[in-house]
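For reference, the structure is listed below as C-alpha cells.
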C-alpha cells in the first residue's frame, strides 16, 4: 500500500494529502471544504479530546454548550472582532424548503425568510458574552470557567484536510474574571496546558510566545500561541490563548459589582485548539511509509500478526497471541490481534506501517518453538526477536521509549532548522533554501511586518516568552531592536 | 429557592420550565429556539454520552464525523425522506458578509450567493449514504458500524427546553449490512441498548415496540421505539432505531458484490437519542422541591454540608468531612464538600434538593461528639442519623437503593396509569381524565389512526414487541383486530 504514497521529497503537500486519505484519517466530502473524519482518524481525535478535557477539568473548567447560530447584529458589537472575523462565513437566510408547484423540485420557500440572518458560528465570543451578561452581577459570580466542544464554520476558499477546512471541530474556552491579573494568569495557564499537551502527548516541541499586533486574534489585547515546525520547514500554529481585556464585556455590557461595591466591566479570555492538531500530528512525525503516531494517542498501540501456513499452526499461534494480548491489556495497552485470513502477513505489515501502529509483534511457528516473538517499532522500523518472558514489561517500556524518541527526533529537527540571520538578504536566502524558524531583529512596526509578509510570505510566528533581550537592528529598516522574533512561512 | 418553583399540580408545564432553568440545566438563548446547556445540565449529558458511547463501542461501533451541511439536492433523492423531513430546516444561501458602503452596517454580500443552497443537517442519512457509496464495493467492506455525536437543526415553531428545540445534540448511528436479516438484528440490538440505558441509568421504564406506518421515520421500513410515561400522563418517545431496508442504498446507488459475486443493494439502519433524554429525566422523576436525579447520572452524588457556629467548629467538621469525602471517592463516588461561608445550611439544603443531589450528609458539632452524621436521601426526603463507622459502605448501598427506588416509583406510576379500554367513548374519557398509556384495539388502518389523532390528539405510541395476540374489535370502526396497541398523548 505504501507504494502508492507520494514521497515527501517529491511533493510534501501531495504526500500529506495522500497519507491522510490512505491511512483512513479523513476525506473530502460532497460539500465543498467540509471533510468526513473517518473512524480511524476520529479515534485519534477522541484521544486528543479525552486528554485535553481532563486537563481542563483538572484546572477547574466545566463544559457547556452554546448555540450554533449567532444573530448577524452580534458581530457588529465588537468593532475589531467583526473586521477580523465575520466576513467569510455561512449565512442562514431561510428556514423552510418546499416543493415547487410547477417543477415539483425542492426549492427554498421565499415566504420563510428570516427577519435577521443567522451566522453559523466561526467562534463563539459574541453569543457567549451575550449570555454571560445574564449570569454575572457580582464578584461572587466570578470566575466563570467554561469550555465548549463544538463544530465551527469559516468559509475558507482554499481548503486542506484538517489544516484548513470550512467546518472543523474544536474546543473553545471562554472565561470571565474579576481582575485583569486573574484573566492574564488564566490566559497563560491555558497556553501552558496546550504546550504540555503538544509536547507530552502529540510529541511535538513547541515555542510559546505572544503574537505581534498584526497577527493577534480580532478583539484580543494579547494572543499567546504555541508554534510548531513541520518537516517541510513550515510553521504551524497549534493552539492559541487570548487575553481579551474588557473588550467583549464592553461590547455586551457585562458589568459586575466588586467586593468594594464598585461597578466594573468583566475581564475575559478565550482559548482553543482544533482538528488542525491532527494535521500537525501527521506532518510532524510521519514518513514515506505512512503515519508515525505517538503511542499515547495511537488508537491501536500494538498489533499482533500471525505468520502461519496451516490452521493447526494458526491455532497454536492464536493461543500465544491471545495470551500476550491479555497481558498487555492488563497494563492498559490497546492491542489488536489481526488473524484475518483474507490478507497475507506482508500486506498487513504494510497496512499497519501506513496506519502508524507503534509496535508490531509477529509470531510464527519458529517463535512458538523458541518461546519468542518478533517485535518491530514503527518509528525506527527496527526489528528484533524477544523472549516471551516478561514481554509485557518490555513492550510497556518500548512504547514509552517510542513516545520520547518521536519527540526527540522532532526536537532535533527543529534545532537543525532554526536559524539566526542578521540581514534581510540572508533572511530571504535561508527562507527559500531551507525554511524553518528564523530568528531575526525587527523594528516592532506593523508596516515592516507587512512588507516582509508581502515580499516573502513569511510572518512573525511569535515573540517567545522569556525571550532573551539583546541590542540589534531591524533586518529590514535598520532601526533599533531589543530582541529577535521568530519568522517562518506557515500553514 | 424551591419556593419559587411552580407546583406540578398547578401547572406541570410551567413547573418543568421553571425547574430546568432554576436547577441550572439550560436556558433559552438569544437565538429563537436554540438553548444554552449550562454546566450542570451539560455534566448530566456528558454522563449520558459516556455511558451510551461505551455501550456502542462494546457492540462493535466506532465514531466518525460527517459534514454539518447537506446539499439541497440530496434531500430529493429519497422520496419519502424529503416529504417527511426536509421542510422545516435552516438554509444557508450565502457565504460572506460585508460592510454596506452607504450605511456602514454589516450586510450579506449579494455577490456571495451559493450555487446550490446548503441545508444544516436535520439528520444525516443522505450525506452519510452518499459517502458510504465510495466505501462499499464488496461484502468484505461490510458491515459498517458507525456512530456520530453531533448537533442537528430542525426549525420547530414551538420549542421547549430539551424537549423540542431548533438545535439539539444527539447521536446518530448509521450502519450498512450485507443482508436484510443482519440489518434487522442491528436495529433490534440498538433498541435493546436504548431500553437498557433508559431503565438502568435513567431509571425510566420503557415499552419497546414498533411504530405504526403513519408514525414511522421518513424512509424507514420499520421504526422501533422506546416509549416512556411522564408524571403528567403524557408519553415521551425516548429513542428510535430504524430498519431502512435498501431505500437509502437505492437513492444513493450503493451496491456491493456478495460472496457469490452477485450485485445487490446494501441494507441500512439508523438509530438515535438526543438531549430530549434530559427532558425525560426531569419529567419522569422530579418533584415540587426540584430535580430528583438517578445516582448513576448525577454529577454530584453526595454533598456534605457543615453546620457550625464558630471557625473552630468548622475546622473539626472539615477534618471529618474531608475524611468521609476521601473514603467515598475511593469507592468511585462523586462528592462535594460545600464549606462556603457565604450561605447558610438551610439555603444549601434547598439548593441541593433543587439540583437533585441524591444524598446529603450534614455534620454538626453534636455529630463530632457522637461520631455520627445526618444522612438525607433526595428521593424520599427521609433523614436519619448514622454512625461514621463504615459510612462509605452504607452510602454506596444507599445510592444503589435510591437508583432502584426511583425506577420502581416510575414503574409503579406507569402501572397505575396504564388502562385497557374497549370503546372509543371510554378511550376519550380516560384520556381526558387521567391520560396515561391506553391499550385499545385498532383496525390497523392509517385512516382510523388519523381520525383518532385529529379528534383526541392521541397517537399510537407503539405496537409492543412480543405483544399478546387476542381477538377484538377496533374501538372506532368495530372492524376485527388481533392485538391491542398503545395510545397516548405525547410530547
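Among the residues of region A:396-416, is any in contact with a strand residue (DSSP E or B) (Cβ under 9 Å, 6 or more places away or on another chain) and within 17 Å of residue A:321 (Cβ to Cβ)? Within region A:396-416, none of the residues are in contact with a strand residue (DSSP E or B) (Cβ under 9 Å, 6 or more places away or on another chain) and within 17 Å of residue A:321 (Cβ to Cβ). Please specify each residue of region A:297-318 satisfying the condition of being crowded, with 19+ Cβ neighbours inside 10 Å and in a helix (DSSP H, G or I). Listed by number, the residues that qualify are A:297, A:317.
For residue A:138, indicate whether it is surrounded by fewer than 17 Cβ atoms within 10 Å (Cβ to Cβ) and either farther than 30 Å from residue A:157 by Cβ or at pLDDT below 95 (or both). Yes, satisfied.
The C-beta contact set for region A:126-138 (first residue closer than 11 Å to residue A:253 by Cβ, second residue at pLDDT 95 or above and assigned to a helix (DSSP H, G or I), distance under 6 angstrom, 6+ apart or interchain) comprises A:129/A:248.
Restricting to region A:129-143, name every residue that is facing chain B (nearest Cβ under 9 Å) and under 31 Å from the mean Cα position of the chain (by Cα).
Going through region A:129-143, the residues facing chain B (nearest Cβ under 9 Å) turn out to be A:130-131, A:134-135, A:140.
Across region A:129-143, the qualifying residues are A:130, A:131.
Within region B:434-454, identify whether any single residue is surrounded by fewer than 15 Cβ atoms within 10 Å (Cβ to Cβ) and closer than 30 Å to residue B:378 by Cα, and answer yes or no. Within region B:434-454, one or more residues are surrounded by fewer than 15 Cβ atoms within 10 Å (Cβ to Cβ) and closer than 30 Å to residue B:378 by Cα. Evaluate the following for residue B:430: is it in contact with a helix residue (DSSP H, G or I) (Cβ under 6 Å, 6 or more places away or on another chain) and not assigned by TED's automatic domain parsing to the domain that holds residue B:367? Taking the combined requirement at face value, the residue does not satisfy it.
Among the residues of region A:148-170, is any touching a strand residue (DSSP E or B) at 6+ places or on another chain (Cβ under 7 Å), part of a strand (DSSP E or B) and more than 23 Å from residue B:168 (Cβ to Cβ)? No, region A:148-170 has no match at all. Scan region A:212-222 and give yes if some residue there is in contact (Cβ under 8 Å) with a residue 40 or more places away in the chain, in contact with a helix residue (DSSP H, G or I) (Cβ under 6 Å, 6 or more places away or on another chain), over 22 Å from residue A:452 (Cβ atoms) and buried (at least 21 other Cβ atoms within 10 Å of the Cβ), otherwise no. Yes, some residue in region A:212-222 is in contact (Cβ under 8 Å) with a residue 40 or more places away in the chain, in contact with a helix residue (DSSP H, G or I) (Cβ under 6 Å, 6 or more places away or on another chain), over 22 Å from residue A:452 (Cβ atoms) and buried (at least 21 other Cβ atoms within 10 Å of the Cβ). Looking at the structure I just gave you, is residue A:432 in a helix (DSSP H, G or I), more than 28 Å from residue A:320 (Cβ to Cβ) and within 33 Å of the chain's Cα centre (by Cα)? Against the criterion (in a helix (DSSP H, G or I), more than 28 Å from residue A:320 (Cβ to Cβ) and within 33 Å of the chain's Cα centre (by Cα)), residue A:432 qualifies.
Note on region A:445-471: among residues that are assigned to a loop (DSSP other than H, G, I, E, B) and touching a strand residue (DSSP E or B) at 6+ places or on another chain (Cβ under 6 Å), the one that is nearest to residue A:427 (Cα to Cα) is A:458.
Those strands (runs of 3 or more DSSP E) of region A:1-116 in which 1 or more residues are buried (at least 17 other Cβ atoms within 10 Å of the Cβ) and either more than 10 Å from chain B (Cβ to nearest Cβ) or in contact (Cβ under 8 Å) with a residue 24 or more places away in the chain (or both) occupy A:26-28, A:35-37, A:69-71, A:88-99.
The values are calculated or read from the model by the stated rules, or taken from the named source; none is laboratory data. Nothing here was measured: the structure is a model prediction, and the numbers come from that model. Every residue, glycine as well, gets a Cβ built from its backbone with ideal geometry; the counts of neighbours run over all protein chains shown.
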